[in-house]
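This report refers to the structure that appears directly beneath it.
The values are calculated or read from the model by the stated rules, or taken from the named source; none is laboratory data. All of these numbers come straight from a predicted model, not from anything done at the bench. Ideal geometry is used to build each Cβ from the backbone, glycine not excepted, and the neighbour counts take in all protein chains shown. Areas reflect the complete protein model, heavy atoms only, side chains present, ligands, DNA and RNA absent. Shrake-Rupley method; radii C 1.70, N 1.55, O 1.52, S 1.80 Å.
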Amino acid sequence: MSDEKWVLGLGEVLWDCFPDRELPGGAPANFAFHAAQLGCRAAVLSRVGDDRRGEDLLALLQNGGVVTDYIQRDAAHATGTVEVDTSRPDQPRFTIRPDAAWDFMEWTPQWREAAENAAAVCFGTLAQRSPTSRETIRRVLSSVKDRALVVYDVNLRQDYFDRSRIEESLRLCHVVKLNEEEEAALTELLELGPCYPREFAARLQDRYGVRAVCITRGANGCLVIEGDQVADEPGVAVEVVDTVGAGDAFTAAWVFARLRGQPLHRQAQFANRVGALVASRPGAMPIVKDELRALMEELSL
């Protein structure tokens, strides 16, 4: 990696299995894929099985411009899969199979080098469900330089989370992104007491040292709070095909705009537009490079 700065997705990479098709997914992989489409040098730190699904995932990510050199191969565990129920397109439901290859991510010198050369790292909660990957994620984040941006995209799935894991993740990150359902879940789990979104953000900032909190609200847009600054961005009207991956695209766009030094309201506006764009397309990793380029020109990014 030399001294080049990279944007890293750290955690699960898998297949989203719909009733009629299988599509590549996993929040960190989705994040890296969309960061690459935005023009970042993006890589995924994950693990796949030594199987056909693993080969196909690597090929698809490479085709999207994502560097896959840091995705490990596992001869003992299969590439991860998730059953996706989109009977409600705005609220997909996931059934995640246990003991996937990404549950066994290993700490290596190669991954240390990746972390040391990162401009931004995005991680979530799900990949921490196993002790092996949880420890590896901690070691990666502890190797990230102070100047880099560490993003915690909460992504609560099934029952693969607890208070201690979430609190440690909040202490390790600089900025956190979550949706309204996750805001409610964390308010109860962390015993924050009754609070409106701005109070919720302030309590995370005070208790855990988080710099910025972003709450996505689906069709109603997003709210980003950083210190005394607030960006309350309305929703973008689109015909939703499915929202799988839209939140990860939102996160990639938010990180992209932050790394470019854009003001908070522009970060929120751009992320909102990109998330809506991906929600209007099938699957978590649609090719939308031309649309993203036009949007960046429109917003002067």
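Summary of values
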quantity: Those aspartates and glutamates that a straight Cα-Cα span of less than 16 Å connects to Lys289, excepting residues fewer than 8 apart in one chain; calculated: Asp248, Glu297, Glu298
quantity: Cα pair distances of segment 1-85 binned at 5 Å [whole percent]; calculated: 3, 16, 27, 25, 16, 9, 3, 1, 0
quantity: Dimensionless Rg over Rh [segment 161-204; C-alpha; Kirkwood]; calculated: 0.92
quantity: Proximal lysines to Lys145, defined as alpha-carbon separation beneath 17 angstrom and excluding residues fewer than eight positions away on the same chain; calculated: Lys5
quantity: Additional length obtainable on full extension of the chain from Ser300 to Glu188, 0.36 nm per residue less Cα span; calculated: 36.3 nm
quantity: The chain, accessible area per residue, ligands and nucleic acids excluded (1.4 Å, Å²); calculated: 42 Å²
quantity: Farthest positive-ward along the chain dipole, Cα basis, beta-carbon charges - from Cys222, Ala257, Pro92; calculated: Ala257
quantity: Theoretical gain in end-to-end length, Arg207 to Asp85 [0.36 nm per residue, Cα-Cα removed]; calculated: 40.3 nm
quantity: Virtual spin-label span in nm between Arg138 and Asp51, 7 Å along Cα→Cβ; calculated: 2.9 nm
quantity: Cleavage-rule hits (trypsin sites (Lys or Arg not before Pro)) in segment 210-301: DSSP loop, at most 16 neighbouring Cβ within 10 angstrom; calculated: Arg211, Arg260
quantity: Net dipole in debye of the chain [+1 Lys, Arg Cβ; -1 Asp, Glu Cβ; about Cα centre; nearest 20]; calculated: 640 debye
quantity: Helical contribution to [θ] at 222 nm, DSSP H n ≥ 4, -39,500 (n - 2.57), averaged over the chain, rounded to 500; calculated: -12000 deg cm²/dmol
quantity: Dipole magnitude of segment 101-229 about its Cα centre (Cβ charges: Lys, Arg +1; Asp, Glu -1), debye to nearest 20; calculated: 300 debye
quantity: Accessible surface of the chain [probe 1.4 Å, protein heavy atoms]: carbon and sulfur percent; calculated: 46 percent
quantity: Cα-centred dipole magnitude for segment 1-75, charges only on beta-carbon of K, R (+1) and D, E (-1), debye, nearest 20; calculated: 180 debye
quantity: Debye equation applied to the C-alpha atoms of the chain, log10 I(q)/I(0) at 0.13 Å⁻¹; calculated: -0.85
quantity: Listed peptides 111-119, 169-177 by packing density, highest first (mean Cβ within 10 Å); calculated: 169-177, 111-119
quantity: Fluctuation leader among Gly245, Gly25, Gly193 - the chain, Gaussian network, Cα springs under 10 angstrom; calculated: Gly193
quantity: Dipole of segment 122-251, positive direction: furthest Cα of Val140, Ala202, Val238, with charges on the beta-carbon; calculated: Val140
quantity: Loop-located GluC sites (Glu not before Pro) in segment 153-253, at most 15 other Cβ atoms within 10 Å (DSSP); calculated: Glu191, Glu239
quantity: Separation of the Arg93 and Ala237 label points, Cα + 7 Å toward Cβ, nm; calculated: 3.1 nm
quantity: DSSP bridge pairs, the chain: antiparallel proportion in percent, nearest 5; calculated: 40 percent
quantity: Selection from Val44, Leu277, Val7 lying farthest towards where the dipole of the chain points positive, charges on Cβ; calculated: Val7
quantity: Within a Gaussian network of the chain (alpha carbon springs, distance under 10 Å), most fluctuating of Asn63, Asn30, Asn272; calculated: Asn63
quantity: Spatial separation of Cα centroids for segment 215-248 and segment 97-173, in angstrom; calculated: 24 Å
